[in-house]
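The values are calculated or read from the model by the stated rules, or taken from the named source; none is laboratory data. All of these numbers come straight from a predicted model, not from anything done at the bench. Using ideal geometry, Cβ is built from the backbone for each residue, glycine included, and neighbour counts are taken over all protein chains shown. Note: accessible area is taken over every heavy atom of the protein model, side chains too, but ligands, DNA and RNA are not part of it. Shrake-Rupley method; radii C 1.70, N 1.55, O 1.52, S 1.80 Å.
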Amino acid sequence: YTVVINDPLDQQIESLGFELGSAKTINNISAPMPGLILEVNVAEGQEVKEDDNLLILEAMKMENVITSPRPGTIKSVKINQGETVDKNTLLIEFE
């Protein structure tokens, strides 16, 4: 028998889409929490590599660097510097 036990942290990681092996299929980057967009480091049509910095999201007085989950081309950037976003707001789309 194979038994897999997920604790609450494992379940939260899975619900946020950060589980191992899923990063290669991500085509959209959404806000993981509400906050303020401090900096946007990419533009439409730009090629990015895995772990390149895409943007900086300030939430609860902390700067969170959102990085690319995979290599690819940016299809669209849905936000601008200085905007406030809610949790799960679409930020960036990949081709």
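Observations
- Options Glu93, Glu14: the member that is in a strand (DSSP E or B) and either surrounded by 12 or more Cβ atoms within 10 Å (Cβ to Cβ) or on the phi > 0 side of the Ramachandran plot (or both): Glu93
- The sole residue among Thr25, Thr73, Thr2 that is touching a Gly at 6+ places or on another chain (Cβ under 8 Å) and exposed (fewer than 14 other Cβ atoms within 10 Å of the Cβ) is Thr73.
- Meets criteria (part of a helix (DSSP H, G or I), at pLDDT below 90 and open to solvent by 70 Å² or more (accessible area, probe 1.4 Å)) for Leu9: yes
- Residue list for the stretch 45-70, filter: among the charged types (D, E, K, R) and either out of contact with any Lys or Arg (no Cβ under 7 Å at 6 or more places or on another chain) or open to solvent by less than 60 Å² (accessible area, probe 1.4 Å) (or both): Glu47, Lys49, Asp51, Asp52, Glu58, Lys61, Glu63, Arg70
- Criterion (open to solvent by 60 Å² or more (accessible area, probe 1.4 Å) and touching a Pro at 6+ places or on another chain (Cβ under 8 Å)) met by exactly one of Lys78, Lys87: Lys87
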